[in-house]
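> Handing you this structure, nothing more for now.
The values are calculated or read from the model by the stated rules, or taken from the named source; none is laboratory data. Here the structure is a predicted model, which means the values were calculated and not measured. Quick reminder, even Gly has a Cβ in these numbers, built from the backbone with ideal geometry, and neighbours come from all protein chains shown.
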Amino acid sequence: MLQGFKEFIMKGNVLDLAVAVIIGAAFSKIVDALVTNVLMPLIAALIGSPNFDSFALVTINGVDVKFGVLLTAIVNFLLVAAAVYFAIVLPMNKMIERRNRRLGIVPADAPADPQVQLLTEIRDSLAAGNPRA
């Protein structure tokens with residue numbers, strides 16, 4: 001039983017997942033700092049409020065329905081997604097493109113769908129005037 005546990009723990013995908021979780025937790029602090037201390041203050045400077053919590057506040061039978069809190073969460077999500085995309089994904093893709101160009105690696109074209117190939121052949125036959133198509 002201990003041998004099976006050891007094999008499970010030592011599998012590459014378990015270790016990769018553990019490293020990804022640790023790096024993700026550390027990186028989330030960077031993204032959170034960017035959103036909280038840079039992007040949200042810029043929004044506050046533009047609209048006068050750092051969040052939308054008091055926006056669209058509706059009181060029904062003495063209960064507050066806070067649509068603004070949802071709007072703040074959506075804006076925060078979009079800011080985090082944009083920060084990750086523009087700070088990590090886009091530069092990484094550009095770096096990979098440059099490296100591939102330097103090494104002469106050409107991305108392989110995806111294989112054509114057989115149905116699309118058949119339809120293309122039928123279209124070409126009809127355009128050529130072949131009645132057997």
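Okay, residues lined up against (1) more than 18 Å from the chain's Cα centre (by Cα); (2) more than 27 Å from N76 (Cβ to Cβ); (3) in contact (Cβ under 8 Å) with a residue 40 or more places away in the chain:
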site	(1), (2), (3)
K6	yes, yes, no
A20	no, no, no
V31	no, no, yes
V38	yes, no, no
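> What helices (runs of 4 or more DSSP H), lying completely within the stretch 1-76, carry at least 3 residues that are closer than 18 Å to I88 by Cα and among the aliphatic types (A, V, I, L, M)?
12-34
> Oh, and also: Return the only residue of D124, D53 being over 29 Å from I30 (Cβ atoms) and of a type in the set (D, E, K, R).
Going through D124, D53 in turn, just one is over 29 Å from I30 (Cβ atoms) and of a type in the set (D, E, K, R): D124.
> I'd like to verify a number: residues in the stretch 85-122 that are surrounded by 10 or more Cβ atoms within 10 Å (Cβ to Cβ) and at pLDDT 85 or above, how many?
Qualifying residue count for the region: 21.
> Collect the residues in the stretch 29-51 that are in contact with a helix residue (DSSP H, G or I) (Cβ under 9 Å, 6 or more places away or on another chain) and not β-branched (V, I, T), keeping them in residue-number order.
D32, L34, L39, M40, S49, P50, N51
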